[in-house]
Amino acid sequence: MEQKIAIIDLGSNSVRMIVMHIFPNGSYKMVDQLKEMVRLSEGMGIDNKLKPLAIERTVHVLKLYKRVLDIHNVDVTYAIATAAVRNAVNKDAFLKRVQKEAFLNFDVISGKQEAYYDYLGVVNTLNIDDCILLDTGGGSSEIVHIVNRKPVNRISIPYGAVNLFERFCKQGDWNNDKINDLQNFLQKEFSKIEWLIGIKELPIIGLGGSIRAIAKMYKRKEQINIEGLHNIEISANEVNELFERLSKTSIDERRRMNGVGKDRADIIISGTLPLKILMEITKSKKLIVSGNGLREGVFYMHLLKNREEGEYFEDILTASIDNILKNYDCNETHCQLVEKLSLQMYDQLKAVHSFPDYTRRLLSAAALLHDIGTYVDYYNHHKHGFYLTLNSKLYGLSNKEIVMCAYLVAMHRNEDIRIDYKGFVGLITKDDYDLVKKLSVFIKISEELDRTEIGIVQGIEVKVNGKQVILDLRTLKTAVLEKTIAMKSAKAFEKAFGKKLIIK
């Protein structure tokens, strides 16, 4: 059933909204996204009361969001309020005003429910088994211990970037004494979480605006030339260095920093210190940044709620590729056959190519995605496919693997793509690029063997005879055209593997 789903996340610091379109074929994609910094929890203090100016800012934004919902003709809206509203003594009056003026009915969720939605957003978009999830919001922080992709422990603590800032940096800017006081406080609070104490050396999955801000700083520093922040990995040493850099700058300098900006310059210290302390306590060696959290978690809950398998995909790479193929109107039967033939050659030629094991997964993904560029235009569709692969929601691969996969898609034809790998020097090397060039030969030949896209060639048996590789085709009928076209890649095959190609 076709639907438009909106999820509004009303937090302590910002209000965010996504609009997702679910199509009749079951595929889905984001069609709109909005974010405004409203600082709803500003000035709440120990009396936990939402202040008039903060309420005015928030209601104004929500009224604008409602207009966007009406323009999109949204079918279902999930309006979720978290810590600021959850803790406010005047939440009922606030919610009534929102309903009256913005015509939105908010569900005020518990901290544990917020943590669960964060978990769903992560487990459906990151290929991770065991980890600790940390979402540092404006008025609370959620922590989830994930084992074998299941949430075994979760907690919400009532401290986030905004209320920690107001408590420990009431006047002026941050200094060493204020930071030390906050650090001691956080260490004490984390030590109260009994199940956290025994967990060591698991990666931290980081969510929240402050963590995304340091990820932007890291991307700029390392010259990582990809869009988005999802699945960026940062070592514990780098996290410490980035925090030290922030702690030694003035608020005016932080306002000018790429990734921080004027809206977060005051609270970035209190927003990132919980991450630093958690990594120290658990001796975590790595931060993995997630661009997906509560809003995406609510969406996956909606999308998958009627499945017997539960609210997360068993294989996120397969699920995301299936969604991309449907989004771009690909001939799925053809794509699956190209994948099948490519993997048959790869598997039967292991003694010849000796590629690392992970490349089989890359080949599978790229073979399935090789024609997505035709959605833009047939001419140069291999180049269009490169950029679509880089910028589609392809989950289950690292960012390095996504770049390599994009090159594989671009190289599935014999034309020179002329996209210099040096533009991605922060992710891949010349050796990676050279490996991809060899790997792409399997996709070239496989696509040529199904050039008519009617499945004449159903399988391949490979024989290695000295300096020759013989492809013995299993066909439904005569495949003269397919063999003739596939032999155009014989020179590329010989260059890649040092053996002459023969197709029977």
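From the set of residues in segment 473-504 that are of a type in the set (D, E, K, R) and farther than 19 Å from HIS334 by Cβ, which is modelled with the lowest pLDDT?
Pass one, segment 473-504, residues of a type in the set (D, E, K, R): 474, 477, 482-483, 488, 491, 494-495, 499-500, 504.
Subset that is farther than 19 Å from HIS334 by Cβ: 491, 494-495, 499-500, 504.
Details: LYS491: 94, GLU494: 95, LYS495: 94, LYS499: 95, LYS500: 96, LYS504: 89.
Checked segment 473-504; the qualifying residue modelled with the lowest pLDDT is LYS504.
Out of ILE402, ILE460, I need the residue that is in contact with a strand residue (DSSP E or B) (Cβ under 8 Å, 6 or more places away or on another chain) and either not in a helix (DSSP H, G or I) or not hydroxyl-bearing (Ser, Thr, Tyr) (or both). Which one? Can you show your working first?
On the way: ILE402 fails: in contact with a strand residue (DSSP E or B) (Cβ under 8 Å, 6 or more places away or on another chain).
Within the list ILE402, ILE460, the selection yields ILE460.
Of all residues in segment 428-442, how many are touching a residue at least 60 places away in the same chain (Cβ under 8 Å) and touching a Lys or Arg at 6+ places or on another chain (Cβ under 9 Å)?
Matching residues across segment 428-442 total 1.
Do any helices (runs of 4 or more DSSP H) entirely within segment 330-387 hold 1 or more residues that are among the acidic types (Asp, Glu), in contact with a helix residue (DSSP H, G or I) (Cβ under 6 Å, 6 or more places away or on another chain) and surrounded by fewer than 19 Cβ atoms within 10 Å (Cβ to Cβ), and if so, which? Even if it seems obvious, please write down each step before you answer.
Working: elements: 332-348, 350-353, 358-369.
Where helices (runs of 4 or more DSSP H) fall fully within segment 330-387 and carry at least 1 residues being among the acidic types (Asp, Glu), in contact with a helix residue (DSSP H, G or I) (Cβ under 6 Å, 6 or more places away or on another chain) and surrounded by fewer than 19 Cβ atoms within 10 Å (Cβ to Cβ), they are 332-348.
Within segment 72-99, track down each residue that is more than 21 Å from ILE5 (Cα to Cα) and in a helix (DSSP H, G or I). Full working, then the answer.
Looking only at segment 72-99, we keep the residues that are more than 21 Å from ILE5 (Cα to Cα), and these are 83-97.
Scanning segment 72-99 gives ALA83, ALA84, VAL85, ARG86, ASN87, LYS91, ASP92, ALA93, PHE94, LEU95, LYS96, ARG97.
Please go through segment 407-452 and give me each residue that is more than 26 Å from the chain's Cα centre (by Cα), part of a loop (DSSP other than H, G, I, E, B) and more than 16 Å from GLY385 (Cβ to Cβ), ordered by number.
Answer for segment 407-452, where residues must be more than 26 Å from the chain's Cα centre (by Cα), part of a loop (DSSP other than H, G, I, E, B) and more than 16 Å from GLY385 (Cβ to Cβ): ASP450, ARG451, THR452.
With respect to the numbered conditions (1) without any contact (Cβ under 8 Å) to a residue 40 or more places away in the chain; (2) of a type outside the set (Lys, Arg); (3) at negative phi, which one is the sole condition not fulfilled by GLY137?
(1)
Is it the case, given these coordinates, that SER27 is at pLDDT 95 or above, polar (S, T, N, Q) and outside the structural domain of ASP329 (by TED's automatic domain parsing)? Reasoning before the result, please.
Details: at pLDDT 95 or above: yes; polar (S, T, N, Q): yes; outside the structural domain of ASP329 (by TED's automatic domain parsing): yes.
Yes, satisfied.
A quick yes/no check of all residues on (1) assigned by TED's automatic domain parsing to the domain that holds TYR116; (2) hydroxyl-bearing (Ser, Thr, Tyr); (3) more than 15 Å from VAL162 (Cα to Cα):
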{"position": "GLY45", "(1), (2), (3)": "no, no, no"}
{"position": "ASN48", "(1), (2), (3)": "no, no, no"}
{"position": "PRO52", "(1), (2), (3)": "no, no, yes"}
{"position": "ILE55", "(1), (2), (3)": "no, no, yes"}
{"position": "THR58", "(1), (2), (3)": "no, yes, yes"}
{"position": "VAL61", "(1), (2), (3)": "no, no, yes"}
{"position": "LYS66", "(1), (2), (3)": "no, no, yes"}
{"position": "TYR78", "(1), (2), (3)": "no, yes, yes"}
{"position": "ASN87", "(1), (2), (3)": "no, no, no"}
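Listed here are the residues, each with its yes/no results for (1) of a type in the set (A, V, I, L, M, F, W, C); (2) in contact (Cβ under 8 Å) with a residue 12 or more places away in the chain; (3) over 25 Å from ILE419 (Cα atoms).
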site	(1), (2), (3)
CYS335	yes, yes, no
LEU341	yes, yes, yes
GLN344	no, yes, yes
ASP357	no, no, yes
SER364	no, yes, no
ALA367	yes, yes, no
GLY373	no, yes, no
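Please go through segment 225-272 and pick out each residue that is modelled with pLDDT of 95 or more and on the phi > 0 side of the Ramachandran plot.
ASN231 - this is the single residue of segment 225-272 that is modelled with pLDDT of 95 or more and on the phi > 0 side of the Ramachandran plot.
May I ask you to verify whether HIS334 is at pLDDT 95 or above and either assigned by TED's automatic domain parsing to the domain that holds PHE497 or within 24 Å of VAL289 (Cα to Cα) (or both)?
On the way: at pLDDT 95 or above: yes; either assigned by TED's automatic domain parsing to the domain that holds PHE497 or within 24 Å of VAL289 (Cα to Cα) (or both): yes.
So HIS334 fits the description; yes.
The values are calculated or read from the model by the stated rules, or taken from the named source; none is laboratory data. A quick note: this is a predicted structure, and the numbers were derived from the prediction, not measured. Backbone-built Cβ (ideal geometry, glycine too); neighbour counts: all protein chains shown.
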